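Visitor: One structure coming up, written as structure tokens, with questions to follow.
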Amino acid sequence: MPLFDTKNRKRTLVQPTKVRKSRNSNRVTITQDKTKGNEVVSVDKLSTPANLTGSFVESDSDSDEPHPEASPATDVTIYNEYDMGPAFGCKFPLPFIRFMVERVLMEKLKGKTYLAGDAVKWVRDVADTINSKMKGFCLQQRYKHVINVSIYQQNGAGFFHGFRAVWDTLSDDYLCNTFDAGTFVCIVVIFGCYTY
């Protein structure tokens, strides 16, 4: 027994770029031949359009609508690239962060005198306030930030601090701001690191 039953099958002309789809799913019937394990496909009532040019292709459709997968999609953009740095205008916003840090330092530390017990609370309060404002207003895509706040008393003693980091100078940046209150000095350092 042949694989396809060709008694009622007609050939239709289809353009090579168009694939036809069936309007009625009852036109194609697939039956199983249990003795030989072959499938028999029978198709009925097929039409032949006379105005198409191209090669003869077996089709079970009588519509002239192109199939949605016949031609490549034109509304899809494929990006075959990976961003190796921040986009133009999306770097770490240093001017805005500097303005925000200066405002936080003025409202939290202005007019205060140094006390060792209070300085611990001030450091934590300034760091938490800057961190929450960084998350709310200065959040850039794929940037992480580190905030370091130091307060030391001005009584003639020295204070030295230093930082070392391995980073990309084109995408990573930092900000250092110093606030002098007379009896103490507060230094805020913020690092912005781009995650690849």
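Visitor: What's the number of the condition V120 fails, among (1) loosely packed, with under 13 Cβ neighbours inside 10 Å; (2) outside the structural domain of D180 (by TED's automatic domain parsing); (3) of a type outside the set (S, T, N, Q)?
Guide: (2)
Visitor: Determine if segment 174-194 includes at least one residue that is buried (at least 18 other Cβ atoms within 10 Å of the Cβ) and charged (D, E, K, R).
Guide: no
Visitor: May I pose another question? Test of understanding: among I187, I147, which residue is in contact with a helix residue (DSSP H, G or I) (Cβ under 8 Å, 6 or more places away or on another chain) and either assigned to a helix (DSSP H, G or I) or under 16 Å from E102 (Cβ atoms) (or both)?
Guide: I147 is the lone residue from the list that is in contact with a helix residue (DSSP H, G or I) (Cβ under 8 Å, 6 or more places away or on another chain) and either assigned to a helix (DSSP H, G or I) or under 16 Å from E102 (Cβ atoms) (or both).
Visitor: Is it the case that some residue within segment 155-165 is at pLDDT 90 or above and of a type in the set (K, R)?
Guide: The answer is no, given that none of the residues of segment 155-165 is at pLDDT 90 or above and of a type in the set (K, R).
Visitor: What number of residues within segment 75-96 are loosely packed, with under 10 Cβ neighbours inside 10 Å and either assigned to a helix (DSSP H, G or I) or at pLDDT 85 or above (or both)?
Guide: Total meeting the criteria: 1.
Visitor: Out of segment 159-179, which residues are free of Cβ contacts under 8 Å to residues at least 12 places away in the same chain and either outside any loop (DSSP other than H, G, I, E, B) or touching a strand residue (DSSP E or B) at 6+ places or on another chain (Cβ under 6 Å) (or both)?
Guide: Scanning segment 159-179 gives a single hit, T178.
Visitor: Quick one: count up the residues across segment 99-111 that are among the basic types (K, R) and either surrounded by 15 or more Cβ atoms within 10 Å (Cβ to Cβ) or outside the structural domain of A181 (by TED's automatic domain parsing) (or both).
Guide: Number satisfying all stated conditions: 1.
Visitor: Residue check, N155 against (1) in contact (Cβ under 8 Å) with a residue 12 or more places away in the chain; (2) loosely packed, with under 13 Cβ neighbours inside 10 Å; (3) not acidic (D, E), all met but one. Which one?
Guide: Tallying (1) in contact (Cβ under 8 Å) with a residue 12 or more places away in the chain; (2) loosely packed, with under 13 Cβ neighbours inside 10 Å; (3) not acidic (D, E), N155 fails exactly one: (1).
Visitor: Quick check on my filter: what residues within segment 123-152 are within 16 Å of L105 (Cβ to Cβ) and either of a type outside the set (A, V, I, L, M, F, W, C) or exposed (fewer than 11 other Cβ atoms within 10 Å of the Cβ) (or both)?
Guide: R124, D125, D128, T129, N131, S132, K133, N148, S150, Y152
Visitor: Would you mind stating whether A119 is assigned to a helix (DSSP H, G or I), in contact (Cβ under 8 Å) with a residue 12 or more places away in the chain and among the small types (G, A, S)?
Guide: The answer is yes for A119.
The values are calculated or read from the model by the stated rules, or taken from the named source; none is laboratory data. Since this is a predicted model, take the numbers as computed values, not measurements. Neighbour counts are summed over all protein chains in view; Cβ atoms, including those assigned to glycine, are modelled from backbone coordinates with ideal geometry.
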